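Below is one structure, written out as structure tokens, with a few remarks after it.
All of the numbers you see were taken from the coordinates with simple rules; none came from a lab. Owing to the predicted nature of the structure, the values given are computational and were not obtained by experimental measurement. Cβ placement follows ideal geometry from the backbone for every residue including glycine, while neighbour counts extend to all protein chains displayed.
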């Protein structure tokens, strides 16, 4: 899962179980402990379910990392999963001690709906990103089925941690409540950031860039005329560079806003973007031709995502402080609790330097049939 306090950052999980000794003690945070066998069962559950694996990968925005053996997961992935478990436990202990919080059935039901929504959102975003690159990606199953693939103990742990995170966010003065009224107020204050923008473009050869920029500033030609004169794509030139209109729900909306920048309506942004087509490099100039207000009903998903991101950023600072002050004990097989760039986190388990491993030799002799 991707918890709100961590900006929905989740571990990279693989297709097997990292080889951890059965005697491993697992991890403990402020007196709350997760055994090694529990952690192994969680990794095994993710590995066994393509639906769960895919949804976790989408949340993590990363691929599976397997180990060297036939049934192994990379040590970095084990540490990442352990990191998530440590964060969840630390948040649970914090709200329990500071707010006398407890996970009621209602809070757990809300947490489940929240977690399912986040999984679905992450998968949709991943599919859109693949499509934008010309690739097909379809995650098997639904987020509800992904949660159903978790063993009961694992599911309870994730829902409990999610509920604690949601509760902590609600107590913070720096966060915006995810209510209709609050989202409306945020939208009203930032309405121009959700305008629907229509654009025209000009695809210009590298050798013509300087000439085109000069024409933008001094020729007096319209956007359509400039595109017809300089665009190397005949079909695009025939349309006067008209490319389309994009609203806040578009997967390329952020890119469009970036390329347009603060350019006035009816003018090309003189700073082009470099694009590659059929092995050649071109300069892409973008011009906004129309901006229109987007109704809240249409912009609502983008507004919700923006508020979530703001809340997560604020909550991330609180989480950093919680983890810094938490008493954490981790079996070395799962990783090392250390300071990285000033933040406490679980890093990949340490391994001996090859230069320190001396006196290695090949064992000779007959392999016994059985071990006792």
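Once label points are set 7 Å from the Cα along Cα→Cβ at both residue 182 and residue 96, what is their separation, rounded to one decimal in nm?
2.6
Which peptide among 38-47, 262-271 comes first, and what is the full order, when sorted by highest mean count of other Cβ atoms within 10 Å?
Values: 38-47: 20.5, 262-271: 14.5.
Output ranking for 38-47, 262-271: 38-47, 262-271.
Specify the inter-centroid distance of segment 77-130 and segment 132-147, based on alpha-carbon positions, in whole Å.
Using only Cα atoms to place each centre, the spacing works out to 20 Å.
Over segment 196-292, what is the relative contact order in percent, taking alpha-carbon pairs closer than 8 angstrom and at least six residues apart?
Once normalised by length, the contact order is 40 percent.
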